[in-house]
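K.L.:
Structure below; questions to follow.
The values are calculated or read from the model by the stated rules, or taken from the named source; none is laboratory data. If you're wondering where the values come from, they're calculated on a predicted model, not measured in any experiment. Here the Cβ positions follow ideal geometry from the backbone for every residue, glycine too, while neighbour counts run over all protein chains shown.
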Amino acid sequence: MPSIRRRFAALAVALGLAAAPARAQTPPPVLPDTGLTVVLLTMGQGDMVWEKFGHNALWIHDPARGTDRVYNYGMFDFRSPGYWGRFLKGNWLYELGVQSIQNTVYQYQYFNRAMWAQELNLTPAQKRELQGLLETNALPQNREYLYDYYRDNCSTRIRDVLDRVTGGALRRTAGDSLTGTTYRWHSERLIASDGASYFGLAGGLGPAADRNITAWEEMFLPFKVQQQVRNVRVADASGRPVPLVAREWTMLDAPGRGPERAEPPFWTPFYLLAGLVIAGILVLLGRKAPRSGWARFGFSAIGTLWLLLAGVGGLLLVLLWTMTNHSIAYRNENLLQLSPLALPLVLLVPCLAYGARWAARPARLLTTVIAGLSLLGFVLQVLPGLDQRNAQMIALALPINLALALVVRVLASRTPPPPARAGTPKRARQRATA
């Protein structure tokens, strides 16, 4: 597990509250002064959520200018005006950053992230074209771009400029062959070590994340760009076909970090177990609630926590779909499991548990509707076109929603009617209690 100190250090650097150290044990790399040299850098996973997918950059060694510049499209600033509003709306701005190879190495060594280098076999004209493209993109008026998690990120930008200067060689090699993987598949395997983020992805990604992606699309991941360039052959200055990768080497090791997961974890049984355990506790406490104070409190507390989670989660899914550009979250079938209808129940269920007769009818109606929607979401999985992979959320939510509907129905039937008003005729009081 990464240390808390390292996590806070990484966050401080990202926020601009601290700077990466100016010194490191590993000396900066030195390339021979044989002319313009282009190196693809691929960085391993880090501790923060946005570091779990790795990173990449292009290092251009220019002995004529005496520069060693690293261009990376993964820069963002939490402190920029309107940052959080743009992030919430899906208008997240990233930018092309430029720094020296020395600072790049020092930074990644400090955060214990691996780094691999691939020198690219480009012609002198292609190298100059690439350098010109990157320098133009790094200008203040050009460096920002509208970021998309999967379709336009720091890795796809590197992919695109390399494909451009090689005349489409990268695209031709990768082709449109399907990989048998999806955006969700890759996201879950890479984020698996962070349980909270994994849960957020499981609930927040819509059916667009479950489409079978091509090898070209799969290069939203830096490691896939690293792998694909090994397969590319280009023409050298004489027209002879040569491998795009002239040589490759490891620039930094990351002691204590293992390789990235090869496959996502299979956690559906654990989500189901959690759902069944919570549902069982709710039923047990709900049965004892009318005659036990501690059971009444326990049922109210656990039920309220779930209803708050489900209600807020459902509201967020609605807002993501209707009011933002986060298209990867559109038409999310988890709305049948996490419903905004749960929010009124945050008040109604505890009131009913403590004997409020007025809460019985609306609580019973809402919990029945929520349970029905949850069950419908499970049954609809057999229909074509509704193929979102949300088994984990169904496994967790369905037992709890059914249990709440059952317990609320029982509590509503046991809640005594309100006492008769003073002065009510005896016959009317008898009729009211009959």
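Yes/no matrix, rows are residues, columns are (1) among the small types (Gly, Ala, Ser); (2) farther than 23 Å from PHE87 by Cα; (3) free of Cβ contacts under 8 Å to residues at least 60 places away in the same chain:
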residue: THR304; (1), (2), (3): no, yes, yes
residue: LEU307; (1), (2), (3): no, yes, no
residue: MET323; (1), (2), (3): no, no, no
residue: ALA329; (1), (2), (3): yes, no, no
residue: GLN337; (1), (2), (3): no, yes, no
residue: LEU365; (1), (2), (3): no, yes, yes
residue: ALA395; (1), (2), (3): yes, yes, no
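K.L.:
Now a separate question. Starting from residues that are polar (S, T, N, Q) and part of a helix (DSSP H, G or I), keep the ones in region 100-130 and report whichever is nearest to VAL229 (Cα to Cα).
P.N.:
Filtering region 100-130 for residues that are polar (S, T, N, Q) and part of a helix (DSSP H, G or I), the one nearest to VAL229 (Cα to Cα) comes out as GLN126.
K.L.:
Being loosely packed, with under 13 Cβ neighbours inside 10 Å and either in a loop (DSSP other than H, G, I, E, B) or modelled with pLDDT under 85 (or both), is that true of even one residue in region 34-47?
P.N.:
Yes - at least one qualifying residue is present in region 34-47.
Okay, residues lined up against (1) outside any helix (DSSP H, G or I); (2) at pLDDT below 95; (3) over 18 Å from ASN121 (Cα atoms):
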site: GLY132; (1), (2), (3): no, no, no
site: LEU139; (1), (2), (3): yes, no, yes
site: SER155; (1), (2), (3): no, no, yes
site: LEU162; (1), (2), (3): no, no, no
site: LEU170; (1), (2), (3): no, no, no
site: SER187; (1), (2), (3): no, no, yes
site: SER193; (1), (2), (3): yes, yes, yes
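K.L.:
Further, regarding this structure: Filtering region 48-59 down to residues that are surrounded by fewer than 22 Cβ atoms within 10 Å (Cβ to Cβ) and out of contact with any Leu (no Cβ under 7 Å at 6 or more places or on another chain), which residue is farthest from GLN228 (Cα to Cα)?
P.N.:
Only one residue tops the list, namely VAL49.
Let's see how each residue does on (1) polar (S, T, N, Q); (2) touching a Gly at 6+ places or on another chain (Cβ under 6 Å); (3) in the same structural domain as ALA342 (by TED's automatic domain parsing); (4) more than 24 Å from GLN227 (Cβ to Cβ):
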{"site": "VAL245", "(1), (2), (3), (4)": "no, no, no, no"}
{"site": "GLU260", "(1), (2), (3), (4)": "no, no, no, no"}
{"site": "ALA279", "(1), (2), (3), (4)": "no, no, yes, yes"}
{"site": "ARG287", "(1), (2), (3), (4)": "no, no, yes, yes"}
{"site": "PRO290", "(1), (2), (3), (4)": "no, no, yes, yes"}
{"site": "TRP294", "(1), (2), (3), (4)": "no, no, yes, yes"}
{"site": "THR304", "(1), (2), (3), (4)": "yes, no, yes, yes"}
{"site": "GLY311", "(1), (2), (3), (4)": "no, no, yes, yes"}
{"site": "LEU320", "(1), (2), (3), (4)": "no, no, yes, yes"}
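K.L.:
Within region 208-229, how many residues are within 14 Å of the chain's Cα centre (by Cα) and either over 22 Å from GLU51 (Cβ atoms) or assigned by TED's automatic domain parsing to the domain that holds GLN45 (or both)?
P.N.:
4
K.L.:
While we're looking at this one, here's another question. Pairs please, first residue from region 156-172 and under 12 Å from ARG233 (Cα atoms), second anywhere and acidic (Asp, Glu), Cβ atoms under 8 Å, 6+ apart in sequence or on different chains.
P.N.:
Taking only residues 6 or more apart or on different chains, the pairs are ALA169/ASP163; LEU170/ASP163; ARG171/ASP163.
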